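Below is one structure; the comments refer to it alone.
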Amino acid sequence: MSFQSINPATGELLETFAATSPAELERALERASAGWRDWRRRPVRERVRPLEEAARLLRARAGEYARIMALEMGKPLAQGVAEATKCAWGCEYFASEAPAMLASQPRATEAGASYVRFDPLGPILAIMPWNFPFWQVFRFAAPALAAGNVCILKHAPSVPRCATALTELFGAAGFPEGVFQSVFVEPADAGRLIADSRIRGVTLTGSPRAGASVAEQAGRSVKKTVLELGGSDAFIVLPDADLRAAASAAADARLQNSGQSCIAAKRFIVVDAVFEAFLEPFAAALKAARVGDPLIEGTDVGPLARGDLRQTLHRQVVESERRGAELRFGGRVPEGPGAFYPPTLLTAVRPGMAAFDEETFGPVAAVIRARDSDDALRLANASGYGLGAAIWSADRSAAEAMAGELEVGVAVVNGIVKSDPRLPFGGVKRSGYGRELSEIGLREFVNVKTVLVT
């Protein structure tokens, strides 16, 4: 078995990587176990020092890493540089804040002393996706490593060069042997890793189907899991919104990473009174996006990461059309090499259509007409997903009240949904459970230990 790195813009085979053999996997587990026993005992200020060096390397090599991402999964270069830079920010944030987050907390009791400790769990298996091949890894790894855990990365099969670059980066930053490792294994081998007693927890970013499988396997061994499982984020436009600003932000939110983002806005729910006034500038912004080779500066939308992903997206568009959605533009598979798909606008979308019910992972915008604000809230919550949502309104108090009613993990008023190291990130319903980032995410993979001294 081998893992292939394929350029989605051309279909060219770039590299082939051998799978991790059973013997190599056993050695990786032993290194992780031994590495954790040493790493967990180091003072937290010593553990965060390599994060500072990782941040420096990420900034210095941002162009190099952006090129790897562009070649392997189609991310436009500027967006790849931004991703590497965001990883550096995450490292710097946890290097600065983790010591305070992990400090013991005293509690007043009848005992002579009582306090809460935050101790690391041990080796954590990270099953990561291809769409943000650097940030998704650092989003987990920076806080987990600062907390004293060690990491075994099973990256997506389509980004083996990214996985290799990450392993080299963590080594160059000064993390000791066994603290961060990458393995190339099939899903069946991932199941055996989850069951292994040396693995103490599992984090996955992926599809609901993958999350359910990992949760089931981890549940048999009673192991902690954090699951971030995608979304069908609502972008709600209320009658008093700044429509030009909302339309511009909506296009950015839909087309980021060529539409291949869990937190990309996917369902645009617009109140009837401003429907046409919003639709015109939104359509113009989508049409203005430049589609092309991600290695060419100025490209806004690159190819989808794989041909099968394009097939799935096109199927969703076609099925929605058959059920009554109106295709305003796009929606056709272009001729020529590469897994390209044009920015596509669907209107008259409603529940029961693929564009409403499913996660569309690509540059397809589904616009839904709502009668009023209450109907917009109903439509936003009428989804199996619950990752994020945006509300656009000039009435901040009313928008914040609506945010409290949304069944999501992240609600944004007059902005777009994005992750931030300072804030917890995650979803509800089919978007998963648990949180990443902030002190809440850092404490997902710790043993919250009560100590009483009489």
Inset, instruction - Quick one: which residues, 5+ away or cross-chain, put their amide H under 5 Å from the amide H of residue 370? H built at 1.01 Å from N. - result: 270, 271, 272
Inset, instruction - Hey, can you grab everything whose amide H is under 5 Å from the amide H of residue 428? Only 5+ residues off in sequence or another chain; H modelled, so Pro and N-termini drop out. - result: 386, 387, 409
Inset, instruction - In Å³ and rounded to a whole number, note down the convex hull volume per residue for the Cα atoms of the chain. - result: 147
Inset, instruction - Report, in deg cm²/dmol and to the nearest 500, the calculated mean residue ellipticity at 222 nm for the chain, where each DSSP H run with n ≥ 4 adds -39500 (n - 2.57) and the sum is divided by the residue count. - result: -13000 deg cm²/dmol
Inset, instruction - Work out from phi, with θ = phi - 60° and the Karplus expression 6.51 cos²θ - 1.76 cosθ + 1.60, the ³J(HN,Hα) of each residue of the range 57-64, listed in order in whole Hz, and give x for Gly and Pro. - result: 5, 4, 5, 5, 9, 4, x, 4
Legend entry - Mean-position separation - Cα centroids, the range 183-234 and the range 1-16, in angstrom: 25
Legend entry - 0 to 90° range, to nearest 10: angle between helix 135-146 axis and the chain longest Cα axis: 30
Legend entry - Positive-end residue of 324, 121, 167, charge dipole of the chain with Cβ unit charges: 121
Inset, instruction - First obtain the Kirkwood hydrodynamic radius of the range 233-421 from its Cα pairs, then insert it into the Stokes-Einstein equation at 25 °C and 0.890 mPa s, and state the resulting D in µm² per second as a whole number. - result: 150
Inset, instruction - Could you list 101, 1 in order of exposure, starting from the residue whose Cβ has the fewest other Cβ atoms within 10 Å? - result: 1, 101
Legend entry - Prolate/oblate/rounded label for the range 314-368 (Cα gyration tensor, a/c 1.5): prolate
Legend entry - Cross-link pairs 86/154; 154/287; 86/266; 223/266; 86/429; 287/429 - those with Cα-Cα distance over 29 Å: 154/287; 223/266; 287/429
Inset, instruction - Determine ³J(HN,Hα), in whole Hz, for all residues of the range 359-374 in sequence, where each value follows from phi through the Karplus function 6.51 cos²θ - 1.76 cosθ + 1.60 and θ = phi - 60°; x replaces Gly and Pro. - result: 7, 8, 9, x, x, 10, 9, 9, 9, 10, 8, 10, 5, 7, 5, 5
Inset, instruction - Could you tell me, in Å, what Rg and Dmax come out for the Cα atoms of the range 137-293? - result: 20.7, 61
Legend entry - Farthest positive-ward along the range 233-421 dipole, Cα basis, beta-carbon charges - from 283, 312, 364: 312
Inset, instruction - Taking just the C-alpha trace of the range 308-399, give me its Rg and Dmax in Å. - result: 14.8, 50
Inset, instruction - Sort 391, 199 so the one with the fewest other Cβ atoms within 10 Å of its own Cβ comes first. - result: 199, 391
Inset, instruction - Mind sorting 154, 418, 266, 449 by how few other Cβ atoms lie within 10 Å of their own Cβ, fewest first? - result: 449, 418, 154, 266
Inset, instruction - In whole angstrom, note down how far apart the Cα centers of the range 385-422 and the range 127-180 are. - result: 30
Inset, instruction - Starting from the alpha-carbon convex hull of the range 10-86, give the projected area averaged over all orientations, in nm². - result: 7.3
Legend entry - Simple spin-label estimate for residue 319 and residue 34 in nanometres, 7 Å along Cα-Cβ: 5.0
Inset, instruction - Please list the non-local residues whose amide H lies under 5 Å from the amide H of residue 230, H modeled 1.01 Å from N, same-chain partners needing a gap of 5 or more. - result: 206
Inset, instruction - Counting only DSSP beta bridges with both residues in the range 233-421, tell me the antiparallel percent, nearest 5. - result: 10
Inset, instruction - Have a look at the DSSP beta bridges in the chain and tell me what percent are antiparallel, nearest 5. - result: 35
Inset, instruction - May I ask for the distance between the Cα centers of the range 92-109 and the range 262-316, given as a whole number of Å? - result: 42
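Readers should treat all values here as calculations from the given coordinates under stated rules, not as data from a laboratory. Everything numeric here is computed off the predicted structure, so don't read it as measured data. Because the Cβ atoms are built from the backbone with ideal geometry, glycine has one as well, and the counts that use them run over all protein chains shown.
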